[in-house]
Amino acid sequence: MGRRGSQDGLQIVRIEETTMTTRADAIERAKKVKFVILDIHGVLTDLTLYYTDDGKKSEIYSLHDRLGCAALKEAGIEAAFLTSKITRIDQYIGSIYKIDRLYGTSAKISQLDEIEKELGLTDEEFCYVGDEIIDTGIMKRVGFAVAPADATAEAKAVADYITKTPGGRGVVRELAEFILKAQGKWDAVVEKLSKTGY
Amino acid sequence: MTSFEKDLEKAIEKAKKVKLVAHDVHGVLTNNTFFCDIEGRRKYSFLHQDGFGHLSLKRLGIEVAFLDTTSIDNEGLYRAQELKLEKCYHKVRDKMTKLEELEQELGISPENVCYVGCDVTDINIMKRVGLAIAPADVIDEVKRVADYVTIAPGGRGAIRELCEFILKAQGRWENWVEEVAKMGYK
């Protein structure tokens, strides 16, 4: 069973093996991507929150995603975090992954409008990765919408590409490879990062 | 789990009346485990997605209360603070009495209460309230008295599933989700 139980209109269904798959035009969509927006919880993390006895919070991340972010950057594709609230953990992860733009708002569509205005980009040049119901609005807007393997059924339903990797285990790594291969940049990026490190 | 098949229609009717969702912390918000390191420092795992369930209930006017009996540390309080839930009762000894006080305070009757049970000490309360819920991984005695057994286990989405169940039963989930996907939430 997947980690999420849910009801579909109160008819109980198990979401585990759904028939939802990656869309046929995913590669075409990925070719146009110039900017990747990442939800944090459920994408970079597996949604688990740890509280220590003295009240500190911690979360699990994957080093695979560090390579994913570095590869995107190397290829000239900027990545940003967009989550309801930016915490100190998110800032810390942003600095490790070298992400400069951290947006903390649940009004994700209006944040997309602002980024588009600032950078002069259009909907189809954006990739958004999200796992939750709150992400479905922005996922319908962007050119290339992505959901992790263990996302909610609602997010998967509006995704153009569903990663094989579950949240917190290297979703961005898989996505970066997919986008950069679609754009024909992957081999050069790998060669460069093998020499320079990241 | 076939021996615990529940009457879904009946549970939906009961869910329509819910005005308060009360539950313990461990076994519901966590899977009852904790980490302990060599210095004795402890660590507890919760789930991010449960938070959206709690938030949805609160925004739509259904009260949430933690009746925390099992916590060793203040982990239940930390979680409640993060979610801005005021009704977190820490180290409660008598959950039944606390729940009765809450009902009086809110001016509601037992049929308006949804309670999530996770062990034998919860069975009496479950028999009393309107909607009794058991996470997928609880003991059989608790499942037996539940009106609905969630698909998700405790600490792995049981609360989120329950919140969706109640709000769908009350016919408010679809609109809320649409609003949140468009505008976000405050």
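The values are calculated or read from the model by the stated rules, or taken from the named source; none is laboratory data. What you see is a predicted model, and the numbers here were worked out from it, not measured in a lab. As a convention, Cβ positions derive from the backbone with ideal geometry for all residues, glycine included, and neighbour counts pool all protein chains shown.
Would you mind finding the one in A:ILE99, A:ILE138 that is touching a residue at least 12 places away in the same chain (Cβ under 8 Å), within 13 Å of another protein chain (Cβ to nearest Cβ) and among the hydrophobic types (A, V, I, L, M, F, W, C)? Walk me through how you get there before you give the answer.
On the way: A:ILE99 fails: within 13 Å of another protein chain (Cβ to nearest Cβ).
On inspection, the qualifying residue turns out to be A:ILE138.
Among the residues of the range A:183-195, is there at least one that is at pLDDT 95 or above and either within 30 Å of B:GLU82 (Cβ to Cβ) or within 16 Å of the chain's Cα centre (by Cα) (or both)?
No - not one qualifying residue is present in the range A:183-195.
It is to be established whether one or more residues within the range A:50-60 are touching a Gly at 6+ places or on another chain (Cβ under 7 Å), surrounded by 17 or more Cβ atoms within 10 Å (Cβ to Cβ) and either farther than 26 Å from A:PHE178 by Cβ or away from every other protein chain (no Cβ under 14 Å) (or both). Break it down stepwise before answering.
Looking only at the range A:50-60, we keep the residues that are touching a Gly at 6+ places or on another chain (Cβ under 7 Å), and these are A:60.
Next, only the ones that are surrounded by 17 or more Cβ atoms within 10 Å (Cβ to Cβ) stay: none.
There is no residue in the range A:50-60 that is touching a Gly at 6+ places or on another chain (Cβ under 7 Å), surrounded by 17 or more Cβ atoms within 10 Å (Cβ to Cβ) and either farther than 26 Å from A:PHE178 by Cβ or away from every other protein chain (no Cβ under 14 Å) (or both).
When the range B:132-170 is examined, which residues are found to be within 17 Å of B:GLU63 (Cα to Cα) and either at pLDDT below 95 or within 9 Å of another protein chain (Cβ to nearest Cβ) (or both)? Spell out the reasoning first.
Our first condition is that a residue be within 17 Å of B:GLU63 (Cα to Cα); within the range B:132-170, this holds for B:132-133, B:159-170.
If the condition is that a residue be within 17 Å of B:GLU63 (Cα to Cα) and either at pLDDT below 95 or within 9 Å of another protein chain (Cβ to nearest Cβ) (or both), then B:ARG160, B:GLU161, B:GLU164, B:PHE165, B:LYS168, B:ALA169 are the ones that fit.
Suppose we filter B:VAL116, B:VAL145 for residues that are in contact with a Lys or Arg (Cβ under 7 Å, 6 or more places away or on another chain) and β-branched (Val, Ile, Thr); which single one remains? Talk me through it step by step, then tell me what you get.
Values: B:VAL116 fails: in contact with a Lys or Arg (Cβ under 7 Å, 6 or more places away or on another chain).
So the residue among B:VAL116, B:VAL145 that is in contact with a Lys or Arg (Cβ under 7 Å, 6 or more places away or on another chain) and β-branched (Val, Ile, Thr) is B:VAL145.
Does B:LYS98 satisfy being more than 14 Å from chain A (Cβ to nearest Cβ), within 23 Å of B:LYS58 (Cα to Cα) and either out of contact with any Lys or Arg (no Cβ under 8 Å at 6 or more places or on another chain) or of a type in the set (Ser, Thr, Tyr) (or both)?
Working: more than 14 Å from chain A (Cβ to nearest Cβ): yes; within 23 Å of B:LYS58 (Cα to Cα): yes; either out of contact with any Lys or Arg (no Cβ under 8 Å at 6 or more places or on another chain) or of a type in the set (Ser, Thr, Tyr) (or both): yes.
Yes.
Could you identify the single residue in A:GLY197, A:GLY168, A:GLY184 that is at positive phi and either touching a Phe, Trp or Tyr at 6+ places or on another chain (Cβ under 9 Å) or among the β-branched types (Val, Ile, Thr) (or both)? Please lay out each step first, then the result.
Details: A:GLY197 fails: either touching a Phe, Trp or Tyr at 6+ places or on another chain (Cβ under 9 Å) or among the β-branched types (Val, Ile, Thr) (or both); A:GLY184 fails: either touching a Phe, Trp or Tyr at 6+ places or on another chain (Cβ under 9 Å) or among the β-branched types (Val, Ile, Thr) (or both).
Testing whether each residue is at positive phi and either touching a Phe, Trp or Tyr at 6+ places or on another chain (Cβ under 9 Å) or among the β-branched types (Val, Ile, Thr) (or both) leaves just A:GLY168.
Filter the range B:113-136 down to the residues that are within 14 Å of the chain's Cα centre (by Cα) and not in a strand (DSSP E or B) and list them by number.
If we filter the range B:113-136 for residues that are within 14 Å of the chain's Cα centre (by Cα), which is where we start, we get B:113-119, B:122, B:125-126, B:129-136.
Those that are within 14 Å of the chain's Cα centre (by Cα) and not in a strand (DSSP E or B): B:GLY117, B:CYS118, B:ASP119, B:ASP122, B:ILE125, B:MET126, B:VAL129, B:GLY130, B:PRO135, B:ALA136.
So how many residues does the range B:78-108 have that are closer than 23 Å to A:THR52 by Cβ, among the basic types (Lys, Arg) and assigned to a helix (DSSP H, G or I)?
Going through the range B:78-108 one residue at a time, the tally reaches 1.
Scanning the range B:27-49 for residues that are surrounded by fewer than 23 Cβ atoms within 10 Å (Cβ to Cβ) and more than 12 Å from chain A (Cβ to nearest Cβ), which turns out modelled with the highest pLDDT?
B:ASN32
B:PHE165 fails exactly one of the following numbered conditions: (1) in contact with a strand residue (DSSP E or B) (Cβ under 8 Å, 6 or more places away or on another chain); (2) buried (at least 24 other Cβ atoms within 10 Å of the Cβ); (3) closer than 23 Å to B:THR33 by Cα. What is the number of that condition?
The one condition B:PHE165 does not meet is (3).
Looking at (1) among the acidic types (Asp, Glu); (2) at pLDDT below 95; (3) loosely packed, with under 15 Cβ neighbours inside 10 Å, can you tell me which one A:GLU114 breaks?
Status for A:GLU114: all satisfied but (2).
Would you check which residues across the range A:133-157 are among the small types (Gly, Ala, Ser) and closer than 11 Å to A:PHE35 by Cα and list them? Before you say what the answer is, go through the steps one by one.
The first filter runs over the range A:133-157 and keeps only residues among the small types (Gly, Ala, Ser), leaving A:137, A:143, A:145, A:147, A:149, A:151, A:153, A:155, A:157.
If the condition is that a residue be among the small types (Gly, Ala, Ser) and closer than 11 Å to A:PHE35 by Cα, then A:GLY143 is the only one that fits.
What about A:ASP135, is it surrounded by fewer than 23 Cβ atoms within 10 Å (Cβ to Cβ) and acidic (Asp, Glu)? Walk me through how you get there before you give the answer.
Working: surrounded by fewer than 23 Cβ atoms within 10 Å (Cβ to Cβ): no; acidic (Asp, Glu): yes.
It is false that A:ASP135 is surrounded by fewer than 23 Cβ atoms within 10 Å (Cβ to Cβ) and acidic (Asp, Glu).
Considering only the range A:75-92, how many residues are within 14 Å of chain B (Cβ to nearest Cβ), part of a loop (DSSP other than H, G, I, E, B) and buried (at least 19 other Cβ atoms within 10 Å of the Cβ)?
Residues meeting the conditions: 1.
Going by what's in this entry, would A:ALA159 be described as under 18 Å from A:ILE40 (Cβ atoms), surrounded by fewer than 18 Cβ atoms within 10 Å (Cβ to Cβ) and modelled with pLDDT of 95 or more?
Working: under 18 Å from A:ILE40 (Cβ atoms): yes; surrounded by fewer than 18 Cβ atoms within 10 Å (Cβ to Cβ): no; modelled with pLDDT of 95 or more: yes.
Judged against the criteria, A:ALA159 is not a match.
Residues A:ASP25, A:ASP39, A:ASP46: which one is at negative phi, modelled with pLDDT of 90 or more and buried (at least 23 other Cβ atoms within 10 Å of the Cβ)?
Details: A:ASP25 fails: buried (at least 23 other Cβ atoms within 10 Å of the Cβ); A:ASP46 fails: buried (at least 23 other Cβ atoms within 10 Å of the Cβ).
Exactly one residue qualifies, and that residue is A:ASP39.
Among the candidates A:LYS181, A:LYS195, A:LYS156, which residue alone is closer than 25 Å to B:HIS48 by Cα and part of a helix (DSSP H, G or I)?
Numbers: A:LYS181 fails: closer than 25 Å to B:HIS48 by Cα; A:LYS195 fails: closer than 25 Å to B:HIS48 by Cα.
Selected residue: A:LYS156, the only one of A:LYS181, A:LYS195, A:LYS156 that is closer than 25 Å to B:HIS48 by Cα and part of a helix (DSSP H, G or I).
Would you pick out the residues in the range A:117-132 that are farther than 14 Å from A:PHE35 by Cα and either surrounded by fewer than 19 Cβ atoms within 10 Å (Cβ to Cβ) or more than 8 Å from chain B (Cβ to nearest Cβ) (or both)? Before the answer, list the steps.
Step one: filter the range A:117-132 for residues farther than 14 Å from A:PHE35 by Cα, giving A:130-132.
Result: A:GLY130, A:ASP131.
Does A:LEU72 count as surrounded by fewer than 19 Cβ atoms within 10 Å (Cβ to Cβ) and either under 14 Å from the mean Cα position of the chain (by Cα) or closer than 30 Å to A:ALA188 by Cβ (or both)? Spell out how you get there, then give the answer.
On the way: surrounded by fewer than 19 Cβ atoms within 10 Å (Cβ to Cβ): no; either under 14 Å from the mean Cα position of the chain (by Cα) or closer than 30 Å to A:ALA188 by Cβ (or both): yes.
For A:LEU72, the condition - surrounded by fewer than 19 Cβ atoms within 10 Å (Cβ to Cβ) and either under 14 Å from the mean Cα position of the chain (by Cα) or closer than 30 Å to A:ALA188 by Cβ (or both) - is not met.
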